[in-house]
1. Are there GluC sites (Glu not before Pro) in the range 148-228 that DSSP marks as loop and that have at most 10 other Cβ atoms within 10 Å, and which are they?
2. Can you put Arg106, Arg388, Arg375 in order of Cβ neighbours within 10 angstrom, beginning with the fewest?
3. Here are some values of semi-axes √(5λ) of the Cα gyration tensor in Å: (1) 48, 32, 29; (2) 42, 30, 21; (3) 42, 38, 22. Which one was computed from this structure?
4. Figure the gain on full extension for Val39 and Asn210 (residue separation times 0.36 nm, minus the Cα-Cα span) and round it to one decimal in nm.
5. For Lys299, list the lysines whose Cα falls under 17 Å from its own Cα; do not include residues on the same chain fewer than 8 positions away.
6. Could you give the C-alpha radius of gyration of the range 437-511 expressed as a fraction of 2.2 N^0.38 Å, taking N as the number of residues it contains?
7. Have a look at Phe452, Leu187, Thr625 and report the one farthest towards the positive end of the charge dipole of the chain, computed about the Cα centre with Cβ charges (Lys/Arg +1, Asp/Glu -1).
8. Can you sort Glu395, Glu38 so the residue with the fewest Cβ neighbours within 10 Å comes first?
Amino acid sequence: MGRRKSAGPREKATARVSKLTELLERYNYRYHALDDPEVPDAEYDRLMQELRALESDFPELKDPHSPTMRVGAAPVAAFGTVKHQMPMLSLDNAFSEQEVRDFDRRIRERLGQSGAVRYVAEPKLDGLAVSALYENGTFVRGATRGDGETGEEITQNLRTINALPLKLRESNAPRLLEVRGEVFMPLAGFKRFNDAAAERGEKTFVNPRNAAAGSLRQLDPRLTAARPLDMFVYGTGVIEGGELASSHSGTLKRLQRFGFKICPQSKVVESIEGCLEYYEAMGLARPNLPYQIDGVVYKVDAANLQRKLGFISRAPRWAVAHKFPAEEALSVVLAVEFQVGRTGALTPVAKLEPTFVGGVTVSSATLHNMDELTRKDVRVGDAVVIRRAGDVIPEVARVLPERRVAGAKLAQLPSTCPICGSPVLRDADQAVARCSGGRHCAAQRKGEIQHFASRRAMDIQGLGEKLVHQLVDHDWVATPADLFSLQADRLATLERMGQKSAHKVHLAIQAAKQTTLPRFLYALGIRDVGEATAAALAQHFPDLRLLRRAGEEEIQRVPDVGPVVAKHVAAYFRDAENAAVIDRLLAAGIRWPAAPAKAAKAGALYDKTFVLTGTLQSHSREEATQAIVRAGGKVSGSVSKKTDYVVAGAEAGSKLKKAEKLGVRILEEAAFLEILKT
């Protein structure tokens with residue numbers, strides 16, 4: 001019998017790489033997903049170094065999903081975009097116990113259930129929502145939430161996070177599995193990172209959320225890998241070729257077995273009382289948690305009940321975010337300055353001693369208007385309470401008069417604009433004072449152009465605040481019409497604007513020429529004309545020439561347009577300078593589809609009044625308005641007893657509540673689409 005041939009170096013290396021990969025993935029799972037380390041860090045590091053050495057000696061053995069690949073790949077030129085197969089939904093918010101009880105009541109009413117509902121309660125992390133897609137158990141793509149429909153591809157950056165498995169630990173996972181979670185920077189890691197950056201003389205982050213978001217948006221994944229990011233998975237998106245569990249809590253347990261990290265504070269509670277008890281407990285535990293949260297989330301646990309409850313456009317009916325109260329802190333008013341807005345309105349702003357509140361350092365806070373400033377009696381030198389909730393602009397909540405210094409004086413409204421020197425005017429019955437300079441005022445020019453380019457107006461991508469300020473400061477743009485004569489070569493000479501970026505902005509400006517009449521009217525920035533009023537004006541005056549010639553009395557015939565708005569609209573179109581700007585915009589090539597022919601009176605929607613609120617998945621606001629008009633209906637901006645239907649999308653607010661109070665019929669998106677077909 002011949003002697004058995006011993007394995008060669010490559011065969012031994014192959015076997016060892018396979019063994020090391022298996023061990024490191026197991027140790028990583030125990031450490032991150034189960035919080036139960038199996039070996040000391042030194043042993044983990046030794047095995048990782050051995051694997052790196054073998055992959056260096058035998059490059060052909062290096063797998064794209066090797067544990068060593070978490071150090072990050074080569075930099076990318078720019079992020080691509082990802083269209084979510086299933087929208088990444090936002091959540092409705094509740095700020096009081098009563099709002100939470102109302103949420104539970106609506107759940108039970110829709111289910112026809114008198115008994116208690118079982119919920120899963122979990123902390124609402126203050127991080128960045130992401131999606132991770134797996135095919136046949138292998139991680140293939142990562143994306144940010146973005147606007148819920150489209151996000152940025154961050155596959156290489158997500159690979160660097162140890163809490164995200166590159167391969168699932170169980171082979172019986174669905175063929176296609178999309179998990180969703182929150183990437184965050186733990187507080188201890190945030191402090192270490194900032195301390196190290198400060199020692200190197202580099203910029204530090206103001207809070208962990210900004211640190212996490214900034215880290216995931218690094219074009220060089222190696223920089224992301226160097227930052228202490230973590231991730232909790234809280235749900236799923238698209239699933240094909242298999243199922244997970246019949247409950248949300250069961251799904252989380254199954255995902256944990258696959259190798260994902262689940263928030264250890266998640267808990268199943270048996271009723272809304274259990275939810276509220278959990279909220280109180282998390283509020284007390286919040287200062288000692290290793291991560292930052294801004295509330296808790298309640299989700300109906302049973303998957304079949306979730307399906308039965310369904311969605312309101314971009315928000316599920318079966319979940320709600322119970323936010324913690326706004327955070328407050330003490331500061332001192334160093335000065336009161338006045339900012340000038342798009343319509344010339346002067347807003348008093350308190351300049352403060354830098355104060356950390358709500359996760360950021362605040363150095364200024366709004367005082368809204370002169371009446372508010374006087375009512376609160378805010379004076380320079382006063383000790384004040386600053387309030388901030390989420391991303392809301394910080395405000396001065398109240399003054400502490402017992403700490404007032406002697407001789408403190410109330411700020412006075414300036415008689416001339418601090419930007420252009422034009423007279424400041426204020427009607428006796430108005431809280432708002434305005435600069436009379438119009439487009440002569442650089443602040444108003446900047447505001448007008450920013451509004452014109454904004455997403456809900458002409459949607460000129462890339463034309464943000466900083467670029468608009470440069471264009472105005474260089475005197476290249478005085479009105480929105482000037483945008484359409486800008487050339488890419490000239491744009492490329494601006495600060496932080498290369499040829500490629502300049503070309504993209506130029507293309508975006510040209511693309512904006514194809515729009516809709518409601519968008520165009522809204523983009524003009526007519527005082528008190530929001531999106532709903534712009535849509536109503538476009539519906540009543542389908543030809544812009546008719547609106548430009550209309551008087552106040554005729555404009556008042558438009559639904560929901562009162563005498564004040566009619567006065568502003570008529571005055572805008574009578575102004576010679578505004579007329580010249582509109583003529584130039586039209587001459588530059590701005591166009592919109594011709595008004596649809598009037599629908600037959602027999603149509604199901606004929607003469608019905610609709611109010612749109614929230615965000616729809618299937619239609620933009622303009623598209624929904626046009627669809628209603630084509631079917632013979634009318635669109636109003638406010639709810640009244642005369643309203644026939646309220647179409648409720650995601651994050652519907654006061655209009656939805658008023659409709660419920662008045663008994664107006666509410667259409668969710670599916671019902672709205674169905675009625676359009678009739």
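Read the figures in this text as sums done on the coordinates, not as results from a lab. All of these numbers come straight from a predicted model, not from anything done at the bench. Glycine also receives a Cβ, built like all others from the backbone with ideal geometry; neighbour counts cover every protein chain displayed.
1. Qualifying residues, ordered by number: Glu170, Glu202.
2. Arg375, Arg106, Arg388
3. Read-out from the structure maps to (1).
4. Extra length available between Val39 and Asn210 comes to 58.3 nm.
5. Hits, sequence-local ones excluded: Lys124, Lys253, Lys267, Lys308, Lys323.
6. Cα Rg divided by the expected 2.2 N^0.38 Å: 1.01.
7. Value: Thr625.
8. Glu38, Glu395
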